[in-house]
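Take a look at the structure set out below.
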């Protein structure tokens with residue numbers, strides 16, 4: 001795996017605040033670059049605002065999975081300049097943090113993969129092959145440990161190109 005020390009150029013263009021930009025610049029040197037598939041991210045999906053609704057939330061108790069209450073929502077922003085796309089990276093901006101994520105372009109799907117600067121793992125799947133409007137369907141999955149308890153959450157929603 002190759003480490004790319006160049007900070008993402010999309011961070012400046014996505015409207016992130018100065019503290020967010022500082023986090024992105026600090027984290028960028030530690031983010032692994034994905035192996036680009038040879039296909040650049042389509043310009044229409046380089047800057048996204050994604051709105052999600054929780055469809056599955058739960059935790060493990062011993063080896064049993066316990067489903068939790070639904071109702072949570074989540075808004076994430078994703079940004080990648082053409083240079084970032086070529087390098088296989090993007091910026092994911094949430095309510096309380098921004099991280100550099102690996103960008104994996106596939107024929108009908110773009111994956112934004114965060115292997116966790118905070119020991120979490122998350123994947124956002126943007127389903128580009130189903131384009132029928134300006135919005136695209138998307139899914140966001142996150143797995144984390146809270147203490148010694150594995151927590152799993154799955155969100156579904158749409159992303160709009162900015």
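Residues in segment 128-144 that are surrounded by fewer than 14 Cβ atoms within 10 Å (Cβ to Cβ) and in contact with a strand residue (DSSP E or B) (Cβ under 7 Å, 6 or more places away or on another chain) were compared, and the one that is modelled with the highest pLDDT is 129.
Being at pLDDT below 85 and within 17 Å of the chain's Cα centre (by Cα): is that true of residue 95 here? Yes; evaluated as a whole, the condition is true for this residue. Residue 112 meets each of the listed conditions (1) surrounded by fewer than 14 Cβ atoms within 10 Å (Cβ to Cβ); (2) under 14 Å from residue 77 (Cα atoms) apart from (1). Within the option set 90, 10, 34, 54, being crowded, with 19+ Cβ neighbours inside 10 Å and at pLDDT 50 or above holds for one residue only, 90. Among the residues of segment 57-87, those identified as surrounded by fewer than 22 Cβ atoms within 10 Å (Cβ to Cβ) and assigned to a loop (DSSP other than H, G, I, E, B) are 62, 63, 68, 69, 70, 71, 72, 81.
The values are calculated or read from the model by the stated rules, or taken from the named source; none is laboratory data. Everything numeric here is computed off the predicted structure, so don't read it as measured data. No Cβ is skipped: glycine too gets one built from the backbone with ideal geometry, and neighbour counts run over all protein chains shown.
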